[in-house]
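Derivation of every value follows stated rules applied to the coordinates shown; laboratory data play no part. All of these numbers come straight from a predicted model, not from anything done at the bench. For neighbour counting, all protein chains shown are included, and Cβ atoms are generated from backbone atoms with ideal geometry for every residue, glycine included.
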Amino acid sequence: MSTIASPPSRGKGWVFQVTALCIVLGMLLALSLRTQRRAVSEGIPNRWPALRAEFINLKQQNASLQKDLAEYKERYEELLRKQATGQAATLGLESVLQEAKMLAGQIAVHGPGIIVTLHDSPKRDVNETRPEVIENYIVHDYDIRAVVNELFAAGAEAISVNGQRLIATSSIRCVGPVILVNSVQVAAPYVIKAIGKPDVLQKALELPGGAADGLFLLDMIEVKQQPDITVPAYSGSMRFYWAKPLPQPKEKSR
């Protein structure tokens, strides 16, 4: 007798799907519990109070730094005010130093004045051979000194001769056939630049019977007023080897 096989059951596929889903959820739950237990064993929850304390400490440090910053800013502004005061004093010292350099001839200066040109006389007789007569028509070192001294006496503030600035230690002298100014050889024509009040300087040279009277008679001098001329700085050595400053007397205590 033959048996007839029963047809496969239908509608039972969801059982296997639910079973698989439960297995996966169980594994996830077990993994979550395992991770939680591990965190508890390592003391992670216990770190929150420490983190909170550290945060409070950092906040206090930040407040302290803000206070220090305000103090430093105030000190910086005070230093700026003192620096401004010091700069004013420095400017005063620089002004005095600049004036001292001008008096010493250490810097070039400019201003109104006159330009004096000395040259040999065109009135000399070319047939004249007597040395003592010829010398009267030639510019000498004492002629230059006479003009320079007259200009200084008239209030000239700066003078140069052929580009050589005259200072307290300058010399104008004759060595053989040449004239030396500041130990530098100069040749005719001798150009003297003087800064001062032009009218006063020119009148001082044109004074009858004055230092330059003979030079005018022989047409050996020319004077021109200028609104602005430049007198160069002294270019020689200013080192003192023997002269020393005299010690100042001490003030008596009251």
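Here are a few things to note about the model shown:
- Amide H contacts under 5 Å for A212, placed H, 5+ residues apart: none
- Shape analysis of the range 87-153 yields a ratio of the Cα radius of gyration to the Kirkwood radius, Rg/Rh, of 1.31.
- Derived scalar couplings between HN and Hα for the range 232-238 equal x, 6, 5, 10, x, 7, 10 Hz in order, rounded to whole Hz, by the Karplus curve 6.51 cos²θ - 1.76 cosθ + 1.60 (θ = phi - 60°), x for Gly and Pro.
- Qualifying GluC sites (Glu not before Pro) in the range 91-190, DSSP loop, other Cβ atoms within 10 Å at most 11: E128
- Amide H contacts of Q226 (H built 1.01 Å from N, under 5 Å, at least 5 apart or other chain): G113, I114, I115
- Radius, Kirkwood style, for the range 105-231 when every pair of distinct Cα atoms is counted (Å): 15.0 Å
- Taking amide H as placed 1.01 Å from N in the peptide plane, A108 has its amide H under 5 Å from the amide H of A233, each at least 5 places away in sequence or on another chain.
- For the range 75-229, the dipole from Cβ point charges (+1 on Lys and Arg, -1 on Asp and Glu) about the Cα centre works out to 600 debye, to the nearest 20.
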